[in-house]
Every structure is written in structure tokens, then in C-alpha cells.
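Since the structure comes first, as C-alpha cells, the remarks are kept for the end.
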There are 2 protein chains.
Amino acid sequence: MIETPYLLFLGDAPDGLAAKVAQGIKDWRPDASLGQFRMEGCNANMHLPDMTITEAAAAGCKTLVIGVANRGGVISDAWKSVLVEALDAGMDVASGLHNLLNDEADLVEAAERNGKTLHDVRIPTVDYPIANGKKRTGKRCLAVGTDCSVGKMYTGIAMEREMLKRGMKATFRATGQTGILITGDGVPLDAVIADFMAGSVEYLTPDNDADHWDLIEGQGSLFHVSYSGVTMALVHGGQPDALILSHEPTRAHMRGLPEYQQPTLQQLRDTALPLAQVANPDCKVVGISVNTQHMSEDEANAYLAKVEAEMGLPTVDPFRHGAGRLVDALDAV
Amino acid sequence: MIETPYLLFLGDAPDGLAAKVAQGIKDWRPDASLGQFRMEGCNANMHLPDMTITEAAAAGCKTLVIGVANRGGVISDAWKSVLVEALDAGMDVASGLHNLLNDEADLVEAAERNGKTLHDVRIPTVDYPIANGKKRTGKRCLAVGTDCSVGKMYTGIAMEREMLKRGMKATFRATGQTGILITGDGVPLDAVIADFMAGSVEYLTPDNDADHWDLIEGQGSLFHVSYSGVTMALVHGGQPDALILSHEPTRAHMRGLPEYQQPTLQQLRDTALPLAQVANPDCKVVGISVNTQHMSEDEANAYLAKVEAEMGLPTVDPFRHGAGRLVDALDAV
């Protein structure tokens with residue numbers, strides 16, 4: 001539905017984490033990521049060719065994708081002049097921001113003038129039901145994190161890729177804008193009306209073959225006070241058979257909450273598992289994924305070994321070392 | 001903003017619980033509740049005078065309030081003919097249903113024709129922020145339930161009334177349509193966009209005097225898989241200093257979920273308190289409110305004494321016996 005290839009717009013991202021949408025697309029759809037557009041003050045870098053709008057259009061980019069998220073979502077005037085230039089150059093624009101492209105009169109006008117499309121993947125396009133909690137066929141795996149942005153989506157996609165390679169039945173189920181921009185489908189869970197959150201997750205992960213696994217993209221954290229309600233809807237609506245604990249060990253505090261510390265993996269396990277067992281008494285914690293991007297290879301290996309010994313669960317960085325051991329653990333459920 | 005007195009519309013409510021909106025208004029605003037309108041098949045009864053629309057208008061009713069909720073919210077054709085008759089008779093119509101009055105062309109036309117207003121208290125009228133988790137001044141109390149519809153709102157209002165009677169500083173903070181129809185203000189939490197749920201609760205319960213208590217209306221249950229995300233947003237956004245555990249002991253299963261059993265009060269305490277302490281490490285469970293409406297006086301007293309002994313916390317039915325002991329417990333925090 002969204003035309004590729006993409007020009008990834010990094011705007012004035014203050015750091016790499018703010019551009020995690022672009023990073024996800026670049027990592028999982030490198031074929032579709034032709035270049036990046038960075039403004040003054042941008043501290044993110046996808047290590048793609050820097051392109052002007054004219055260069056991107058000439059290179060064949062069909063869609064400018066806003067790959068940078070601001071808390072709350074704001075489309076600044078500085079951004080808009082770039083987006084209008086892209087529309088004038090014949091590109092569509094796609095965004096997962098709360099602040100919708102289609103609510104900005106100047107962007108709508110520029111799109112209409114050029115016969116181009118503004119894709120807001122943030123908007124739910126389905127009237128989701130209220131969750132009924134009924135047991136569904138097939139199996140489901142959910143990654144739950146000690147914090148936001150600790151690698152839950154990466155874990156899910158990496159496991160899906162590994163399972164498909166092994167000939168297993170598996171589907172990554174996107175619940176956020178990056179996931180939706182990568183897969184082309186999903187539920188923009190953080191934009192769903194509160195009463196329908198769990199129902200939207202049930203809708204996303206319906207009855208399936210007994211040996212089929214949904215890899216549900218996690219969101220937020222049960223310990224992140226801004227978004228914990230969204231996480232809870234995934235834990236209950238997703239009815240997981242298996243949980244993966246996800247962690248990023250180098251954070252000084254919870255993402256965006258300087259007064260809050262991350263829980264330990266033990267606290268996460270002891271909180272998430274009983275809550276998951278409300279919806280699925282057979283749910284188990286099967287493994288741990290650690291985002292070691294800020295550690296050296298030696299540091300990462302030592303840390304993973306230590307956690308594995310402490311927790312008694314296969315512990316890997318699926319992006320660095322592959323998701324094989326997590327899939328082995330899932331296969332044993 | 002919504003003109004009183006009210007005619008309470010009970011529609012074709014299958015049971016009393018389905019008309020809990022009407023029951024709440026009748027119980028807490030008896031002065032504003034002149035009569036009830038019941039259709040064929042209605043099994044709810046507020047023990048108010050049954051009135052036709054003509055009789056209600058003649059008696060001085062200014063607003064017909066839809067006091068019956070359906071799962072998901074639907075305005076049937078049978079309901080509509082009554083609502084149009086009320087508008088034609090000079091009344092406004094107020095509703096907390098998901099399905100909005102203002103989305104129904106025939107109701108909008110009838111309201112315009114008569115110069116009357118359709119109040120949809122379901123719709124948020126504020127752009128709520130994302131929660132920042134910062135410690136706020138003043139104190140907050142939240143009722144958390146073993147299930148939906150177990151008396152959390154009643155507990156909060158009853159405590160506010162008792163505290164005001166004692167000269168304490170207290171404000172009941174409504175988070176659902178009944179509470180909003182009773183108090184005239186609040187956050188329709190189950191209609192808020194997922195990402196802003198906890199922020200809307202922070203907005204509703206801002207900095208206040210050190211000796212002021214917000215009595216926050218609880219919603220759903222951490223153990224109700226359809227709505228647990230909403231409850232979680234209250235637990236973290238509300239930053240409670242005190243939790244009240246709420247329970248209805250005669251349920252055969254969780255409300256609307258025949259496959260699910262209620263947790264015990266011990267399970268509720270052991271789940272809710274650690275989650276609340278993420279946002280407020282000093283949070284305590286201070287008391288238990290039990291909805292004993294389906295028990296005799298003797299049964300109720302025996303049950304309350306048994307729970308009090310088991311849990312070591314003041315245990316009362318605030319509607320039946322007053323909220324005095326819960327307020328005593330709060331005052332000791």
C-alpha cells in the first residue's frame with residue numbers, strides 16, 4: 001500500500017533513539033531504504049547516502065517516510081517545508097506521528113496539487129471490538145520489556161525471520177508505526193481508544209493453525225508509568241503462551257522519566273508472568289533478549305552469560321547473535 | 001452544563017447492572033432525578049415514578065439521561081423514537097455511550113429542529129498530555145476492584161461526602177460517564193487514546209494542598225482482560241498514596257467473561273500494591289469496600305467481619321454502613 005523505495009527523513013533528531021522508526025526500517029527493509037534526509041542539528045545517522053529531495057526523486061524514491069518521533073508528535077514548520085518539497089518532487093509522504101499529516105492544511109494542499117498521498121499509519125482504520133478473552137487456537141509469543149525502546153520489536157521480527165527460515169509457521173504482528181511501516185500491516189495500538197485496546201490485540205492475533213506462532217510486537221513496559229496501560233492490553237489481549245523478557249542494560253533511568261529506575265529482570269518476570277497467566281494459565285517465560293548495542297562484544301558476551309546463569313533462561317541479543325536460541329526455546333513450549 | 005432535573009431513561013435494560021448509570025445518578029443526585037422511562041422488556045427499576053415523555057416534560061424534566069449501557073454502545077431504532085419524542089417535547093438528551101448521539105443524523109435533526117442539545121459526555125474535550133510521572137503535591141486515593149462494577153465509584157463518592165462532612169479537603173475525581181453525569185466534570189477515561197490515558201489521569205488530579213485528598217474513581221480491574229489496560233493507567237497516572245480494595249462477593253464469574261473467575265482479595269492486594277509502588281513507593285492498601293447489595297444484613301455483617309479478620313484491614317460496605325471507617329484509615333496515612 002505504501003510505495004517503496006523510501007527516503008528516510010531524520011529531521012532534527014536529537015539522538016539515535018529519537019530516529020528509531022528510521023533505524024527499524026533501514027535494518028529490516030534495507031532493500032527499500034535508498035537514502036536519508038537530515039536537517040541542521042540532526043544527531044541521528046542511518047549510514048545511508050545523504051540526499052537532497054531533488055537527488056532522492058532522481059534516484060527513484062517513491063515515498064518520504066518520517067523516521068523520527070517526538071514525544072506527543074509535532075510537525076514543525078521547518079519539517080513542513082521539506083515535506084512540501086518532497087510532494088512537489090513527486091513523492092508520497094508517510095508518517096506514524098500522533099500529529100497527522102492529513103490535519104495540516106498546507107500539506108493536504110501540496111498533496112492534492114501534485115496528486116500525491118499522505119499516509120498516516122497512526123490512525124486505526126478498523127472498528128476494533130471489546131476483548132472477549134475467549135481462548136484462541138494457535139500459539140502466541142509476546143516480548144515484554146524493562147523499559148520502552150529496549151528491542152522488543154527487533155526480537156519479534158528476528159524470531160519470525162528465523163522461524164520462517166526453519167519452515168515453521170510464524171507471523172510477526174506489528175503494533176506500532178515502525179512495525180507497520182516495515183510489514184505493511186498491523187494495529188497502531190497507542191492510538192486505539194482505551195476500551196478497545198485489548199480487543200484490537202485479539203483482532204490482530206486471531207484463531208490460527210495449532211502449530212502457528214504469532215510474534216506479537218511489544219509496546220511500552222509494565223514499569224513505564226506513561227505507557228503501562230498499553231503494555232497491559234498486550235499482555236491480556238495477546239493471551240501469550242510464551243513471554244520473552246527484553247532489556248537494555250546501559251540506561252541511566254527509564255526512557256523519558258528521569259525520576260524512575262528500570263526494574264530488574266527478576267522483577268519484570270515476577271510481575272509480567274502472573275498477569276499473563278490471568279489470560280492464559282499455561283503461559284511461560286521462555287527466554288531473554290538483551291539489546292547490547294552500547295556494549296563491546298566482550299562486554300556483551302559476559303553480560304549475557306551472567307544473566308543466563310542468574311535467570312536460568314536462554315539469554316541472547318537476537319540482533320547481534322541471531323534469534324536461534326529463542327526459537328529453540330519457543331519450539332519446546 | 002447539563003440541565004437538571006433529569007428523566008432517567010432505562011430503555012430495555014436486561015438487568016439492574018446494565019442500568020448502573022441511572023442507579024448512580026439516582027443514588028447520588030436524588031434531588032435531580034424526577035422520574036424513569038422504561039421500555040417493554042426492561043428489567044431494571046430505579047423505584048422512581050414511571051413517566052411518559054409528555055408526563056416528564058409536564059413535571060419539569062429538562063434532560064433525558066440515557067441511564068443504560070450496552071457493551072460497545074448501540075443506539076437502537078426503538079430507543080431513537082423515544083429520544084426524538086423527548087427532544088420534540090423540549091428536553092435535552094445526555095448520554096455516555098460509545099455510540100454518540102451527535103453521530104445519529106435523525107437525532108441531530110430533531111435536536112436542531114427544537115433548539116435542544118445532545119450531550120455526549122463520552123467524548124474527551126481536552127488534549128491530554130503524555131504522563132510525565134512527576135511527583136505531585138497533595139494526596140490521592142484510588143479504589144481498585146476484583147472485577148468491573150463492584151462499587152469503586154460508590155466508594156469514592158461516599159468517602160468524599162464523609163470527608164467534606166468532617167471538614168477535610170477532598171474531591172471526587174470522575175473517570176467514567178456516570179461519575180461525570182453526577183459531578184458535572186471529569187475524564188471519560190475509557191474513551192481516551194491509549195497513549196494519553198495515564199496523562200489524562202495526571203491532568204485530572206493535579207498538584208494540590210498537602211492535606212487535600214483526591215478520591216479517584218476506579219475503572220475496570222487489573223484482572224479483567226477487556227479493560228485491565230485502563231485500570232493500569234489509573235494505578236500509574238493516579239500515583240495513589242492509598243488503595244482501597246473493592247469486591248462484590250456474589251459473582252459467578254468476571255463481568256462479561258464467563259470463562260474467567262474473580263481473583264481473591266489477597267491476589268488483588270499482591271498484584272495492585274507493587275504496581276502502584278512503581279509510581280509511588282509510599283503507597284499503602286488502607287481498607288476494603290465490599291458491595292453487599294445481594295446479601296442480607298446478617299450475611300453482609302458476617303462476610304465483612306470474616307474479610308476484616310483475614311486481611312487485617314477495615315472492611316465495610318460504604319453504601320450500606322457509611323464510609324467512616326475508610327476515611328479514618330485514610331486520615332491515618
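Amide H to amide H under 5 Å from A:Q36: which residues, 5+ apart in sequence or cross-chain, H placed 1.01 Å off N in plane?
A:L8, A:D50, A:M51
As an exercise, use a Förster radius of 51 Å and the Cβ-Cβ distance of A:A305 and B:A305 to find the FRET efficiency, rounded to the nearest 0.05. Mind dumping the intermediate values first?
Working: r = 55 Å, r/R0 = 1.07.
Taking R0 as 51 Å, the efficiency between A:A305 and B:A305 is 0.40.
Give, in nm to one decimal, the length gained when the segment between A:T125 and A:T4 is fully stretched (0.36 nm per residue of separation minus the Cα-Cα distance).
Values: separation 121, 0.36 × 121 = 43.56 nm, distance 2.12 nm.
Using 0.36 nm per residue and subtracting the Cα-Cα distance, I get 41.4 nm.
Given only helices, namely DSSP H runs of n ≥ 4 each adding -39500 (n - 2.57), what is the per-residue ellipticity at 222 nm of chain B, to the nearest 500 deg cm²/dmol? Spell out each step's value before the answer.
Values: 12 runs with 119 residues, N = 333.
For chain B, the value works out to -10500 deg cm²/dmol.
Let me know the charge dipole size of chain A about its Cα centre in debye, to the nearest 20, where only the beta-carbon of Lys, Arg (+1) and Asp, Glu (-1) is charged. Intermediate values should be presented prior to the final figure.
Working: 28 positive and 44 negative charges, 160 e Å.
That gives a dipole near 760 debye.
Between B:V333 and the same site in the other copies, what are the distances in nm, shortest first, taking label points 7 Å from Cα along the C-beta direction?
So the label point of B:V333 gives 3.8 nm to the other copies.
In whole Hz, with x marking every Gly and Pro, tabulate ³J(HN,Hα) for segment A:105-119 from phi via Karplus 6.51 cos²θ - 1.76 cosθ + 1.60, θ = phi - 60°.
Calculated HN-Hα couplings, in order: 4, 5, 6, 4, 4, 5, 5, 5, 4, 9, x, 10, 10, 9, 9 Hz.
For a test of the definition: using alpha carbon positions, the gyration tensor, and the 1.5 limit on a/c, classify segment A:132-234 as rounded, prolate or oblate.
Numbers: a/c = 1.78, a/b = 1.29, b/c = 1.38.
Judged from the Cα gyration tensor, segment A:132-234 comes out oblate (a/c at least 1.5, b/c at or above a/b).
Over chain A, with a Gaussian network built from C-alpha contacts below 10 Å, which listed residue (A:S81, A:S149, A:S228) shows the highest mean-square fluctuation?
The residue with the greatest mean-square fluctuation here is A:S81.
Tell me the relative contact order for chain A as a rounded percent, counting alpha carbon contacts under 8 Å between residues six or more apart. Walk me through the intermediate numbers first.
Details: 695 pairs, mean separation 49.8, N = 333.
Relative contact order, chain A: 15 percent.
Residue by residue, what Karplus-based ³J(HN,Hα) values in Hz, rounded to whole numbers, does segment B:186-201 have, using 6.51, -1.76 and 1.60 with θ = phi - 60° and x for Gly and Pro?
Once rounded to whole Hz, the list reads x, 10, x, 4, 6, 9, 7, 5, 2, 5, 10, 4, 5, x, 5, 6.
Just to check I understand the Karplus step: with θ = phi - 60° and J = 6.51 cos²θ - 1.76 cosθ + 1.60, what whole-Hz values come out for segment B:225-240, glycine and proline as x?
Using θ = phi - 60°, the values come out as 5, 6, 10, 4, x, 5, 4, 4, 5, 5, 5, 8, x, x, 6, x Hz.
Compute the whole-percent fraction of alpha carbon pairs in chain A spaced more than 26 Å apart. All intermediate terms of the calculation are to be shown ahead of the outcome.
Values: 26326 of 55278 pairs.
Looking at chain A, the distances longer than 26 Å represent 48 percent of pairs.
Using unit Cβ charges (K, R positive; D, E negative) and no other charged atoms, how large, in debye to the nearest 20, is the dipole of the protein assembly as shown about its Cα centre?
Dipole magnitude for the protein assembly as shown comes out near 1160 debye.
Using a 10 Å cut-off on Cβ to Cβ distances, tally the other chain neighbours for every residue of B:214-226 and report the average as a whole number. Walk me through the numbers before you get to the answer.
On the way: counts 0, 0, 0, 0, 0, 2, 3, 1, 4, 4, 5, 17, 14.
That works out to 4 on average.
Across peptide A:23-35, how many C-beta atoms of other chains are within 10 Å of each residue C-beta, on average?
Numbers: counts 0, 0, 0, 0, 0, 0, 0, 0, 0, 0, 0, 0, 0.
Other-chain Cβ atoms within 10 Å of each residue's Cβ, averaged: 0.
Which of B:A302, B:I75, B:V192 sits closest to the plus end of the dipole of chain B, meaning its Cα is farthest towards the positive end, when Lys and Arg get +1 and Asp and Glu get -1 on the C-beta?
Going by the Cα projections, it comes out as B:A302.
Quick one: order B:D190, B:D50 by neighbouring beta-carbon count within 10 Å, fewest to most.
Working: B:D190 23, B:D50 15.
Result, fewest neighbours first: B:D50, B:D190.
With the label 7 angstrom out along Cα to Cβ, how close does B:H212 come to the same site in each of the other copies, in nm, nearest first?
5.4
Is the shape of segment B:152-299 best called rounded, prolate or oblate, per the rule: a/c under 1.5 gives rounded, else a/b larger than b/c gives prolate, else oblate, with a ≥ b ≥ c the square roots of the Cα gyration tensor eigenvalues? Mind showing how you got there, number by number?
On the way: a/c = 1.45, a/b = 1.20, b/c = 1.20.
Because its axes are fairly even, with a/c under 1.5, segment B:152-299 counts as rounded.
Tell me, what is the FRET efficiency for B:K165 and A:T54 to the nearest 0.05, using R0 = 60 angstrom and their Cβ-Cβ distance as r?
Numbers: r = 73 Å, r/R0 = 1.21.
The computed FRET efficiency comes out at 0.25.
Taking each residue in A:192-203, count the Cβ atoms of any other chain within 10 Å of its Cβ, then average. What number comes out? Display every interim value, and only then the final one.
Details: counts 4, 9, 16, 16, 7, 10, 7, 3, 1, 1, 2, 0.
The mean count of partner-chain Cβ atoms within 10 Å per residue comes to 6.
Please state the relative contact order of segment B:74-148 as a whole percent: Cα pairs under 8 Å, 6+ residues apart?
Numbers: 61 pairs, mean separation 20.8, N = 75.
With pairs under 8 Å counted, the relative contact order is 28 percent.
Taking the dipole about the Cα centre of the protein assembly as shown, with the C-beta of Lys and Arg at +1 and of Asp and Glu at -1, give me whichever of A:G237, B:V285, B:T183 is farthest to the positive side.
B:V285
Applying 1/(1 + (r/R0)^6) with R0 = 60 Å to the Cβ-Cβ distance of A:A252 and A:T137, what FRET efficiency is obtained, to the nearest 0.05?
On the way: r = 44 Å, r/R0 = 0.73.
Calculated transfer efficiency: 0.85.
Looking at segment B:183-333, what % of its DSSP beta bridges pair antiparallel, to the nearest 5?
On the way: 1 of 9 bridges.
Once the DSSP bridges in segment B:183-333 are tallied, antiparallel ones form about 10 percent.
Once amide H atoms are placed 1.01 Å from N in the peptide plane, what residues at a sequence separation of 5 or more from B:R173, or on another chain, have their amide H within under 5 Å of its amide H?
Amide H neighbours of B:R173: B:L215, B:I216, B:E217.
Would you pull out the residues with amide H under 5 Å of A:L257's amide H, same chain only if 5 or more places away, H placed 1.01 Å from N?
Counting only residues 5 or more places away or on other chains, the set is empty.
Calculate the spin-label point distance for B:R113 paired with B:M39, positioning each point 7 Å from the Cα along the beta-carbon direction, and give it in nanometres.
Using points 7 Å along Cα→Cβ, the separation is 1.9 nm.
Using alpha carbon centroids, what distance separates segment B:252-324 and segment B:125-181, in Å?
17
What gaps in nm, shortest first, separate A:K134 from its twins in the other copies when you place the label 7 Å past Cα toward the beta carbon?
4.8
Among all the aspartates and glutamates, which ones have a C-alpha under 12 Å from B:K152's C-alpha, if same-chain residues fewer than 8 places away are not counted?
B:E217, B:E248, B:D317
Go through A:T63, A:C148, A:L87 and say which Cα lies farthest out towards the positive end of the charge dipole of segment A:52-157; charges sit on Cβ, +1 for Lys and Arg, -1 for Asp and Glu.
Of the candidates, A:C148 comes out farthest on the positive side.
Each value in this text was obtained by applying a stated rule to the coordinates, not by laboratory testing. Given the structure is predicted, the values throughout are model-derived calculations rather than measurements. Note that each Cβ is placed from the backbone with ideal geometry, even for glycine, and that neighbours are counted across all protein chains shown.
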